[in-house]
Amino acid sequence: MSKANSTRLRIALEAEKLFVKKGYSLTSMEDIMLASNASKGSIYYHFKNKEDLFLFIVEQQGDVWKESWNVKEKQFSTATDKLIGITKQYLEGFKNPLFSSSQDFSIFSVEFEKILSIIRKQYYGIYQQIFQEGINSFEFSPEDPETYMYIFLGMHIGLEHTAYYNNVTYEELEKLYLTATNIFIKGIKHSNK
């Protein structure tokens, strides 16, 4: 790893700790400079601004999530089981301490579209692949996998907002997500199954 890349990752690691501890809005570039023991010039060499740094961290987290899913996916033999598995994987994201900072970022950032772009890049293909597999194996009714993906993720995001605004416990949230996923699966089951 090059020294420049090592410095970039060190800055990001220290910034992530601060975002978790203080939240996105209360973490300043000065805080990041002190915690990472990097000069202001070094930080701005690697990251355009605080939003750019936060987005880099989110993208790194997304890569870790995707790698974790690629390992877990192998234990599921059907698309139906994969949908339940990926729902549980999605729920694990709520345990990530950076999650609340992401909520904070989405409220205060004018560049929220960039975080949506990262989400599209990281996750959409995985979900579409599962739906296509289910269609090909006649588990799911024939439909555009992208349509299934948007409806499924819309359901998850809606539940996420419900939990955020209603202080739902993790256990309650897990039950909601798994119930919703099972209802969704029943609705798209192929008529031959």
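The values are calculated or read from the model by the stated rules, or taken from the named source; none is laboratory data. Worth saying up front: this structure is predicted, and the values here are computed from it rather than measured. Quick reminder, even Gly has a Cβ in these numbers, built from the backbone with ideal geometry, and neighbours come from all protein chains shown. Just so you know, the surface numbers come from the protein's heavy atoms only, side chains and all, with ligands and any DNA or RNA stripped out. Shrake-Rupley method; radii C 1.70, N 1.55, O 1.52, S 1.80 Å.
Please check the chain for the longest run free of GluC sites (Glu not before Pro) that are loop-located per DSSP (anything but H, G, I, E, B) and have at most 15 other Cβ atoms within 10 Å. Can you show the working numbers first?
On the way: sites that count: Glu111, Glu143.
With GluC sites (Glu not before Pro) excluded where exposed in loops, the chain gives 1-110 as its longest stretch.
From the square roots a ≥ b ≥ c of the eigenvalues of the alpha-carbon gyration tensor of region 1-65, which class results: rounded (a/c under 1.5), prolate (a/b over b/c), or oblate? Provide the component values of the computation, followed by the final result.
On the way: a/c = 1.61, a/b = 1.02, b/c = 1.58.
Oblate, since a/c reaches 1.5 and b/c is not below a/b.
Taking the chain as a Gaussian network, Cα atoms linked when under 10 Å apart, which of Lys22, Lys74, Lys95 shows the biggest mean-square fluctuation?
With Cα springs under 10 Å in the chain, the top fluctuation among Lys22, Lys74, Lys95 is at Lys74.
Counting only heavy atoms of protein chains, what accessible area per residue, in Å², does region 1-96 have with a probe of 1.4 Å? Write out the running numbers ahead of the final one.
On the way: 5150 Å² over 96 residues.
Averaged over the residues of region 1-96, the accessible area is 54 Å².
Quick one: of Lys82/Lys186; Lys21/Lys74; Lys3/Lys121; Lys95/Lys175; Lys48/Lys114, which pairs are farther than 25 Å apart, Cα to Cα? Write out the running numbers ahead of the final one.
Values: Lys82/Lys186 14 Å; Lys21/Lys74 35 Å; Lys3/Lys121 28 Å; Lys95/Lys175 15 Å; Lys48/Lys114 14 Å.
Result: Lys21/Lys74; Lys3/Lys121 exceed 25 Å.
If you count only protein heavy atoms and use a 1.4 Å probe, how large is the accessible surface of Arg10, to the nearest 10 Å²?
90 Å²
Pick from Phe76, Phe140, Phe54: which is most flexible by mean-square fluctuation in a GNM of the chain where alpha carbon atoms under 10 Å apart are linked?
The residue that fluctuates most here is Phe76.
In Å and on Cα atoms, what radius of gyration and Dmax does the chain show?
Rg then Dmax for the chain, in Å: 19.1, 64.
Would you mind telling me which residue in Ile130, Ile11, Ile151 has the biggest mean-square fluctuation in a Gaussian network model of the chain, where springs connect alpha carbons within a distance under 10 angstrom?
Ile151
Probe radius 1.4 Å, ligands and nucleic acids ignored: give me the carbon and sulfur share of the accessible area of the chain as a rounded percent. Let's see the in-between values first.
Details: 5920 of 10670 Å².
Summing carbon and sulfur atoms, their accessible area is 56 percent of the total for the chain.
In terms of modelled amide H atoms, which long-range or inter-chain residues lie less than 5 Å from the amide H of Phe140?
Amide H neighbours of Phe140, under 5 Å, 5+ apart: Ile135, His190.
If each residue of separation counts as 0.36 nm, what is the full-extension length gain between Lys17 and Met155 once their alpha-carbon separation is subtracted?
46.6 nm
Helix-only estimate, please: 222 nm mean residue ellipticity of the chain, summing -39500 (n - 2.57) across DSSP H runs of length 4 or more and dividing by its residues, to the nearest 500.
On the way: 10 runs with 143 residues, N = 193.
About -24000 deg cm²/dmol.
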